[in-house]
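The values are calculated or read from the model by the stated rules, or taken from the named source; none is laboratory data. Only a predicted model underlies this, so the values are computations on that prediction, with no experimental measurement involved. Using ideal geometry, Cβ is built from the backbone for each residue, glycine included, and neighbour counts are taken over all protein chains shown. Quick note on the areas: whole protein, heavy atoms, side chains included, nothing else; ligands and nucleic acids left out. Shrake-Rupley method; radii C 1.70, N 1.55, O 1.52, S 1.80 Å.
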Amino acid sequence: MEKSISLIFLFLFGFVTLVLSQTGTVIGTVKDAETGETLPFCSVFINNTTISTVTDMEGKFVLAGLAPGPVEIGFSFLGYTAETKTVTINPGGTVTVNLSMKPFAQELSDVEIKASRDKNWERELRKFENLFLGIDEAASQTQLLNPWVIDFPKPEEKGAFVASAALPIEIENRYLGYKITFNLKEFLDAPTNYRIVGAARFEELNPESDAQKSQWEKNRADVYRKSPMNMFRSILRGT
């Protein structure tokens, strides 16, 4: 796997347009794991898509119109550890997913996190950006909006590079017209392994003009045509 491939592209490959007539629904309730209290306004989304919602005042949520098959559901709430759940949706069926989220033992403020960053952290951040976002044209139009939430712990494996983030990473991709909120679970770059694990929620940016909107649509189509997802679908279709 080439490390220069933009991670944002990899996310986009997983996006599927919902065109099936018989769709399914996921419902559930999100609570605090320690107190049992419900969590209103918790973000609930289908990983690697723009499909999302928030819990109501009773901690309940509904995700409707979902294509049948396995889906990964992401849960994100400030001050709590992000979670993902994988479920299988049957045509016309409803799946219930109840979740208890664990609060952080201690949450630092943005000011406290920023103050702890030094020159060595800045060098590590530049390396992380090259691996995480890529070094191509799309990467040049993509930026991390809150890089200070990322930390670089000492790796256990010799020659490895690891990163972690207690809070969701916010990314703006002006090449494809998306804001991505990414809950990073694991990031590893080692001599024999390269791995990024997490859940991404996509939000479409508002184009400044019709020309920009057309360009974003063209870029998205170009990226999809070059993607492994398109290749695998073409193989299945025999095209």
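Inspect region 37-54 for any residue being closer than 12 Å to LEU99 by Cα and open to solvent by 40 Å² or more (accessible area, probe 1.4 Å) and give the result as yes or no. Scanning region 37-54 turns up at least one residue that is closer than 12 Å to LEU99 by Cα and open to solvent by 40 Å² or more (accessible area, probe 1.4 Å).
Name the residues in region 165-190 that are within 15 Å of the chain's Cα centre (by Cα), open to solvent by 40 Å² or more (accessible area, probe 1.4 Å) and either at pLDDT 95 or above or charged (D, E, K, R) (or both), would you? Result: GLU170, GLU172, LYS179, LYS185, GLU186.
Of all the numbered requirements in (1) at pLDDT 90 or above; (2) over 18 Å from the mean Cα position of the chain (by Cα); (3) of a type outside the set (Phe, Trp, Tyr), THR142 misses one, and that requirement is (2).
Residues are listed down the side, and each one gets a yes or a no for (1) part of a strand (DSSP E or B); (2) farther than 23 Å from LEU144 by Cα; (3) among the hydrophobic types (A, V, I, L, M, F, W, C):
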site: LYS185; (1), (2), (3): yes, no, no
site: LEU188; (1), (2), (3): yes, no, yes
site: TYR194; (1), (2), (3): yes, no, no
site: GLU203; (1), (2), (3): yes, no, no
site: PRO207; (1), (2), (3): no, no, no
site: MET231; (1), (2), (3): no, yes, yes
site: ILE235; (1), (2), (3): no, yes, yes
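In region 207-225, the condition of being closer than 18 Å to ASN47 by Cα, of a type outside the set (D, E, K, R) and open to solvent by 60 Å² or more (accessible area, probe 1.4 Å) is met by at least one residue.
Residues satisfying the criterion are present in region 81-89 (criterion: part of a loop (DSSP other than H, G, I, E, B) and without any contact (Cβ under 8 Å) to a residue 40 or more places away in the chain).
Would you check which residues across region 134-153 are out of contact with any helix residue (DSSP H, G or I) (no Cβ under 6 Å at 6 or more places or on another chain), open to solvent by less than 20 Å² (accessible area, probe 1.4 Å), among the aliphatic types (A, V, I, L, M) and touching a residue at least 40 places away in the same chain (Cβ under 8 Å) and list them? If the condition is that a residue be out of contact with any helix residue (DSSP H, G or I) (no Cβ under 6 Å at 6 or more places or on another chain), open to solvent by less than 20 Å² (accessible area, probe 1.4 Å), among the aliphatic types (A, V, I, L, M) and touching a residue at least 40 places away in the same chain (Cβ under 8 Å), then ALA138 is the only one that fits. Checking LEU236 against (1) exposed (fewer than 12 other Cβ atoms within 10 Å of the Cβ); (2) within 17 Å of the chain's Cα centre (by Cα), which single condition isn't satisfied? Going through the list (1) exposed (fewer than 12 other Cβ atoms within 10 Å of the Cβ); (2) within 17 Å of the chain's Cα centre (by Cα), LEU236 breaks only (2).
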